[in-house]
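Below: the structure, in structure tokens.
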Amino acid sequence: MKSGGHLSIWFFTGICLGVNGFLIFVTGIYETIHPPANKVVLFDLHANVWWGGILLVIGIIYSLKFSPARERKRMQIEGKS
Amino acid sequence: MNPALLLFSSSTLVHLSPVDLVIIVFYFALVLSIGFYLKGQANTGEDFFMAGREMTAWVAGLAFLSANLGSLELMGWAGNSYKYGILAAHWYWIGAIPSMLFLALVMMPFYYVCKTHSVPGYLKLRFGPGAQAISSISFAFMTVLMSGINMYAMAVVMKVVLGWNMHVSIWVSALTVAAYVALGGLRSAIFNEVLQFFLIWAGALLIPILGLIEAGGWAGLQAKILHNLTDLNVANPGSYTHLWSTLGHFNANPMGINWAGIVFGLGAVIAMGYWTTDFLVVQRVLAAKDLRSAELAPIIGAAFKMMVPLIVILPGLLGLALLRDPSTGGLIRLVPANIAWSDAGQAQGLHGYDEVLPLMLARYCGPGLLGLGITALIAGFMSGMAGNVSAFTTVVIYDIYGALINKNASDEKKVKLGRWWTILGVVISIGTAYLAAGAPSIMDYVQSLFSFFIAPLFGTVILGMLWKRATPAGGWTGLLAGTLSSIGMYTWVKLDANAVRYVALSMDAQDQAQNMFRALWCCLICIIVTVVVSYLTTPKPESELKDVVYGLTPIPKTEHKTIFHSPLFWGGVVFVIFVILQIIFW
């Protein structure tokens, strides 16, 4: 996408999901090891672990696929053609 | 007291952990960074107000939906689904999908070919400056009101969930939106809307997933709602989980509406008016890079719109089924906001309908997830605010300042004024946020606004596009008559409650039902006045109607390599899924 120069909106999205996913995943692992006194409903499903993991994976994929380096390369190719 | 401590001085539903705060602060930092990054790419009017008209179908489509996915959607409609049951899903399905597809496949070519900057701009091309002035002034008025309501809704959730001071929430969110929209214009608003779209889903999707697990699936949820509402002696408890089967009579469902109000008032007028003529959403599609992208964008938006009930309607229904007082184990019954927020309501610990989503969030989300959920709500509020403010600025600069005050303003001056009006729009919105605080239910208030301005506007635009005999005098008199008649009916009911039987055809009609029928009547009045006045006045010559009227506008033909390349095909797919959903939840 041209708009946004070398930084695509999908790159920002990847960074956002990746950082949030990482924080939630790590917190989930910590809570699994040290369960809190006041648990949320369905705590035993450990939603923060798997949901954080999913967000982290999606974030990494988007960040890499739309990284500034790749965008520059793609724009150069488009410019030549 | 330390000012920082004042922020946390009220009682709270949940307590944020440090990781939650990090997630929220990271979000604010990211949206501001995007604004600063895009500042250098908003130098011309086309850049600042139309995002350079270079957005892909996906970006324009997600922004199109996200601009609508504000706080009112997330909190207001979750509250409405608690109040009215699954009937609230009509606002996402028949109240959105057909009209979004109509915009994509019928109306978008006209908007796109005439290269207008706004919907009032189209009215100027079609009907002249009279219709443009009425439309732009009413739109500007409505957008700042909507923006204020968004801010108010955000402040409420911050107070209910976190105990944050409402004034601080309003000012912090408003200044953030003002900063990133004033810096990067529509492009910055669109970029942030796409980001907010993902955050909203990431933060809100867990509630229906975990809720359905707890309730025992859809069948378990239905059974629990029926059981709870029967215990509470609520009328028509079975109607809360059926979309159409209870719409035969006004008194057979919790909304007090019949099928005609939903199909004609909502589907044919309110929805068509909002999704095809409200410049807030149409502006995102006008920023598409070509006609095919502009046609595909609303179809992509419609596909995702069909799924929004998962994160909005389902949590409201789950609230009906599952919300219990942790200490007593008894059912929690949410009440109207004016009761919940009264001194007596607060003393009893009551919660309003609009609090159902934060309550469900607190039920399932621990540290980290809670921060993401709160961020999703904030993102929704900010995307709604930014959408309103960017559309407001464009209409003020092009359709009020540029058309009525200084017709020869330079492009550079428009951009400079655009930045200042963005800030001014936010300041006015802050004022309206305090106005909204007095409304009994957020969404009912907004629906009233839609029926005032959007419903008659649809009548004017659709006649203008499809009927070449419509004259400039017919256009603006019809629009004015429709708007005034809607305000008149609203005032009549406020002054005399018995007027509901005439306006909404039944004394059982609740606020939403009244809005639907009022919209239907005022749109019909607009159309009738436009037709009558048009026949009494002289039409424009056909040479002046080129590119703005059906039959006189050559639509560029796009060659589709395969059927999968065609917007018509994808529009058909979305429509079929829409029909299947109606049957499943009949």
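Every number in this text was worked out from the coordinates using simple rules, so none of it is lab data. The structure presented is a predicted model; accordingly, all values stated were derived computationally and were not measured. Here the Cβ is made from the backbone with ideal geometry for all residues, glycine too, and neighbour counts use every protein chain on show.
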Next on the checklist: How shielded is B:311-319 by partner chains, expressed as the average number of their Cβ atoms within 10 Å of its Cβ atoms?
Outcome noted: 0
Checklist entry - Spin-label point model (7 Å from Cα, Cβ direction): what's the B:His560 to B:Ile213 distance in nm? => result 4.0 nm
Next on the checklist: Taking 41 Å as R0, compute the FRET efficiency from the Cβ-Cβ separation of B:His249 and B:Val106 and round it to 0.05.
Outcome noted: 0.75
Checklist outcome for this item: Residues of segment B:320-346 with backbone N under 16 Å of the label point set 7 Å from the Cα of B:Asp231 along Cα→Cβ are B:320-334
Checklist entry - For B:Met507 and B:Trp201 in one chain, what is 0.36 nm times their gap in residues minus the Cα-Cα distance, to one decimal in nm? => result 106.3 nm
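Let's test the formula: R0 of 56 Å, r as the Cβ-Cβ distance of B:Glu412 and B:Ile339. What FRET efficiency results, to the nearest 0.05?
0.60
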Item to check | Rg/Rg_ref, chain B, where Rg_ref = 2.2 N^0.38 Å and atoms are Cα | outcome: 0.93
Checklist entry - Taking the Cα-to-Cβ direction at B:Cys114 and at B:Ala223 and moving 7 Å from each Cα, how far apart do the two end points lie in nm? => result 5.7 nm
Checklist entry - How far apart, in nm, are two points set 7 Å out from the Cα along the Cα-to-Cβ line at B:Asp290 and at B:Ala347? => result 6.8 nm
Checklist entry - How high is the relative contact order of chain B, in percent, counting Cα pairs under 8 Å that sit 6 or more residues apart? => result 29 percent
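If I stretch the segment between A:Ile29 and A:Asp44 completely, what's the gain in nm (0.36 nm per residue apart, minus their alpha carbon distance), one decimal?
4.2 nm
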Checklist outcome for this item: Averaged over residues of B:359-372, the number of beta carbons from other chains lying within 10 Å of each residue's Cβ is 6
Item to check | Exposure proxy ranking, count of Cβ atoms within 10 Å, fewest first, for B:Val356, B:Val427 | outcome: B:Val427, B:Val356
Next on the checklist: I'd like the FRET efficiency for B:Trp259 and B:Leu466, computed as 1/(1 + (r/R0)^6) with the beta carbon distance as r and R0 of 22 Å, rounded to 0.05.
Outcome noted: 0.25
Checklist entry - Roughly how crowded by other chains is peptide A:47-58, in terms of the mean Cβ count from those chains within 10 Å of each of its Cβ atoms? => result 3
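Can you pull out the GluC sites (Glu not before Pro) in segment B:498-586 whose DSSP state is coil and whose Cβ has at most 16 other Cβ atoms within 10 Å? Each step should come with its number before you reach the end.
Values: sites: B:Glu542, B:Glu544, B:Glu559; in loops: B:Glu559.
When the GluC sites (Glu not before Pro) of segment B:498-586 are filtered for loop state and at most 16 Cβ neighbours within 10 Å, B:Glu559 remain.
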Item to check | Cα gyration tensor shape for the protein assembly as shown, rounded if a/c is under 1.5, else prolate or oblate | outcome: oblate
Next on the checklist: Within a 10 angstrom radius of the beta carbon, how do B:Arg419, B:Arg501 rank from fewest other beta carbons to most?
Outcome noted: B:Arg501, B:Arg419
